[in-house]
Structures are given as C-alpha cells and as structure tokens.
Amino acid sequence: MLDKNGIAQRIAREIRDGYYVNLGIGIPTLVANYIPEGINVVLQSENGLLGMGPFPFEGDEDADLINAGKQTITTLPGSSIFDSALSFGMIRSQKIDLTILGAMEVSENGDIANWKIPGKMVKGMGGAMDLVASAKNIIVAMQHVNKAGESKLLPKCTLPLTGVKCIKKIVTELAVLDVLPEGGFKLIERAPGVSVDFIRQATLGKLFADDDVPEMVF
Amino acid sequence: MINKVVSGAEEAIKDIKDGDTLMLGGFGLCGIPENCITALVKKGVKELTCISNNAGVDDFGIGLMLQQRQVKKMISSYVGENAEFERQLLSGELEVELIPQGTLATRCMAAGYGMPAIFTPAGVGTEVAEGKEVRNFNGKDYLMEYAFDAEFAIVKAWKGDTAGNLIYRSTSRNFNPVMAMAGKVTIAEVEELVEAGELDPDQVHTPGVFVHRIFQGANYEKRIEQRTVRTRG
C-alpha cells in the first residue's frame, strides 16, 4: 500500500519529456518532487504562470508571485506570466499535455466529483471544471476508499459532478487503473503487496483484472 | 493628452452607489485593489454585487466589506478562506454564485471584447449547466455563458501613467487586465504613477482607453496568504 508520496511518485512516471503539466492541490502538488532526472516539464499554474519553480528561500518570498494554491513560489528560466483568461485559453485549447487532480469520486464511465458535498460548506470549483472539461489527458490522484471505508470508484457518482466522461487514469494507494472507453475500471498495476482481491473489494464500480496484474515498479 | 488621474481612492469611487455591480481584480489576496476596498468600506455603500475570483479572508480584501455587510451577492470561483463569508452564506444574508474560474475570466474577457456571450465546455453535464443553452460544435457540447455586465471594474496594477496605461507585476496580473477591459467605468490603482511617455508602449498590458480613473495608491500591505519557503541548503 502506498502513502501519498508513493502515489505522487507513481504518477510522476506518467510524465513525458516536453510535457506542459497542471498540478492540482493536495497529492498532485507532490508529483513535482518526483519528476525523473532528464525529463523536462513545464508546470502551469492557472492563476497565470508557466514555468512554476520551487518555493522561495526564506526571506525571498514575493507577495506578487503565487501559485493557484496561493502559496509563494518562484519562476524559472523560460517562465512566462499572463492573465487569467489567457491561462484558461491555453487549457481550453489543449496546450496543456497533462492535468493531475484529486477527486472525491470517479465513476466507471469517467465522471468525476471533486468540488461539493451537499450539506457542507461549498468552497467552489475553482478551475477544476474548466480543466476536466478540456484536458486531453487527466490523471486522478486519490485514496481508493473514503474515511468511512467506502469505495470512491463507483458505478455512478453520488456527489455533484465536476465533469463527465473525462477521466482516463486513476492512481490510488492500492492500484493504477484505466477507465475503459466502454465503461469499467481496468486494473493495470497493483501497489506492492496488495492483492487483486483486496483491490476488488475496495472497488464498487465494475473492475476488469487479468490473472497476472503486475506490481508497480519504482 | 487625456488625463485620467484622480486624487485618490475616495475620489475614484465617489459615484459607486448602493446596489451597483463591481468587478474586483485579484487572485486570493494577490493583486487586489487594497486602497479602493478600504475606501468602499469607509463609504459604506451596500447591497453590492461583487464579481471577484475569491472573497478575501476575514480581515483583509473583500472580507472587510463582508464584515460591514456591504455585499449582497458574490460571484466567484472559490471562496474557501473566509469564516465570516461562510456564516453569512449559511444564515442567508449573502447570496453566492459559484462559477468555474475559466468561465469567470472569459465572461470578463467577452465583456471587454464586445462579445455578448461565449461557449465553453466547463460545467457541461453538471449543475452549472442547469438552465443554460447547450450547443454542439464538432461533436462536443458547450454551454453558452453571457458576458458580465458591471457598472465598475476596480483593478490594481504595478505601474500606470497619467494616460491610464497599465503594467502589472508577476502573478498579480491574474484577473486585472480582463476586468479592466470589462467595466463600464474602470478604476485603476497603481503602486507607481508616472507621466505619460515614461512607460514603454511595447510593455503596456492594458491600454489607457480602458481606464477611466487612475491614482497612485498608498500603504500597500500585499498580505501573503500561504507563506511557503524552502531552507537554504
């Protein structure tokens, strides 16, 4: 079973040289720590920055330079800055190669719910609806089950949707799964030491698994 | 030379009245028009509809206007960092319309570009789509979203000149340029106001034609919401 960093590390292996990548808040942010040597990627922050660098050294924080999580950050050689409309223009026109974001639920047809729980204070969708509606390649990073022990991989989402039929890959603490075009989750890899049966029990949606699903390799 | 300079925030906002719709630039607390917000709190105008990506925090930004119960409705994409906001929302004192961030930015852009509406895939198949026209282009569904209609846009820039030209600094640019273009009356506060001719025309982000009033602000706090650093190793 993986911890959050393990999930991030596994997702980082999906990143290819030359990718422009948007990382959501939470586990996705950790992916930046595991981008392999020799792979050049440009991180987009939807508040208006391409080429997001690491946190500044103490004392170098600049209130005018933040990421979409409102954290102080830095630029890198080759960075560019632009306004919010242009930022979502490059998202909508699919210039961003990969979007990684968290989710509360994903359904077996690729719907995602990650912004609202009825009866609880709703903070808003931020840029998530724009990202999932337009991205050509989205990976969801999330826990396989919620705090109550209920599966987050469902036949149908129960929470208000963020986007429909848009998720193609999910990485959890238990597994890597693809969402099949015809519906259903296809088990691609198991986390070290986790059995197919264990993953099956944690997956409420339809799960397709071969007899010999490989373990993840890092 | 047309001169857009006013004496300060109080003069700039003098004709904003109860019930007006305002756009306010900024992302989180980054690039917000601090001086104009202070002046609006002092003036005490009420029943405002505020279009802004966020709603500030309890004691800064639009949060200061919420504390004085000046806001009737917020139109935002994310409002997570404000306890007073939550209290007013749950008690029904405050109305909120949450819309996708790209839709928010592009509805501003449409207003500034003189286009009545846009089509975006954001929100298709979700509750955001309820009651909206859906059009299919090239096999994909899009929602029709209208350009915003705001009496005033209030933006913050780094430098400006007496002709109203604006240059923003770093990611404090965010919503400011598109809102500057979208207001019927646009008010710009800047950290440094210079004479026309001192800004390189090639470097201007917002041409002065969009700006009706400009002044040099004072005492910028520029509060940091999430101070994240690494240690020198």
Contact order normalised by residue count of chain B, Cα under 8 Å, 6+ apart, percent:
23
Per q in 0.18, 0.23 Å⁻¹, report the Debye log10 I(q)/I(0) for the stretch B:17-65, using one uniform scatterer on each alpha carbon and no solvent.
-0.48, -0.80
Indicate the residues belonging to the stretch A:112-135 that lose 50 Å² or more of solvent-accessible heavy-atom surface (probe 1.4 Å) upon moving from the chain alone to the assembly of all protein chains, ignoring ligands and nucleic acids.
A:121, A:123, A:125, A:126, A:129, A:130, A:133
What does the structure give for B:48-56 when I average, per residue, the other chain Cβ atoms found within 10 Å of the residue Cβ?
1
Take the Cα atoms of the protein assembly as shown, find their three principal axes, and give me the spread along each one in whole Å, biggest first.
77, 50, 42
Relative contact order (%) - criterion: Cα under 8 Å, at least six apart; region: the stretch A:26-151
23
Cα Rg, Dmax (largest Cα-Cα span) when computed across the stretch B:1-129, Å
15.5, 51
Listed residue (A:102, A:84, A:124) projecting farthest to the positive dipole end of the stretch A:60-127, Cβ model
A:124
What percentage of all Cα-Cα pairs in chain A are separated by more than 33 Å?
16
Hey, what did chain A get for relative contact order, percent, Cα under 8 Å, at least 6 apart?
19
For the stretch A:115-218, average projected area of the Cα convex hull in nm²
7.5
For peptide A:69-80, compute the average count of partner chain beta-carbon atoms within 10 Å of each residue's beta-carbon.
3
Using the structure shown, select from B:4/B:73; B:156/B:184; B:73/B:132; A:123/B:184; A:165/A:206; A:123/B:72 the pairs with a Cα to Cα distance greater than 22 angstrom.
B:4/B:73; A:123/B:184
How big is the Rg/Rh ratio for the stretch A:56-162, C-alpha atoms only, Rh by Kirkwood, two decimals?
1.03
List the trypsin sites (Lys or Arg not before Pro) within the stretch B:99-204 that fall in a DSSP loop (any state other than H, G, I, E or B) and whose Cβ has at most 15 other Cβ atoms within 10 Å.
B:132, B:184
State the volume of the convex hull built on the alpha-carbon positions of chain B, expressed per residue in Å³ and rounded to an integer.
171
Within a 10 angstrom radius of each residue's Cβ in B:125-131, how many Cβ atoms of other chains show up on average? Whole number is fine.
5
Global size of the stretch A:127-173 as Cα Rg and Dmax, reported in angstrom:
11.4, 32
Based on the alpha-carbon gyration tensor of the stretch B:146-229 and its eigenvalue square roots a ≥ b ≥ c, which shape applies: rounded if a/c is under 1.5, prolate if not and a/b is larger than b/c, or oblate?
oblate
Where nothing but the Cβ of Lys and Arg (+1) and of Asp and Glu (-1) is charged, how large is the charge dipole of the protein assembly as shown around its Cα centre, in debye to the nearest 20?
540
Where nothing but the Cβ of Lys and Arg (+1) and of Asp and Glu (-1) is charged, how large is the charge dipole of chain A around its Cα centre, in debye to the nearest 20?
720
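The values are calculated or read from the model by the stated rules, or taken from the named source; none is laboratory data. Keep in mind that what you see is a predicted model, and the values were worked out from it rather than measured. Neighbour counts are summed over all protein chains in view; Cβ atoms, including those assigned to glycine, are modelled from backbone coordinates with ideal geometry. For accessibility, only protein heavy atoms count, side chains too; no ligands or nucleic acids. Shrake-Rupley method; radii C 1.70, N 1.55, O 1.52, S 1.80 Å.
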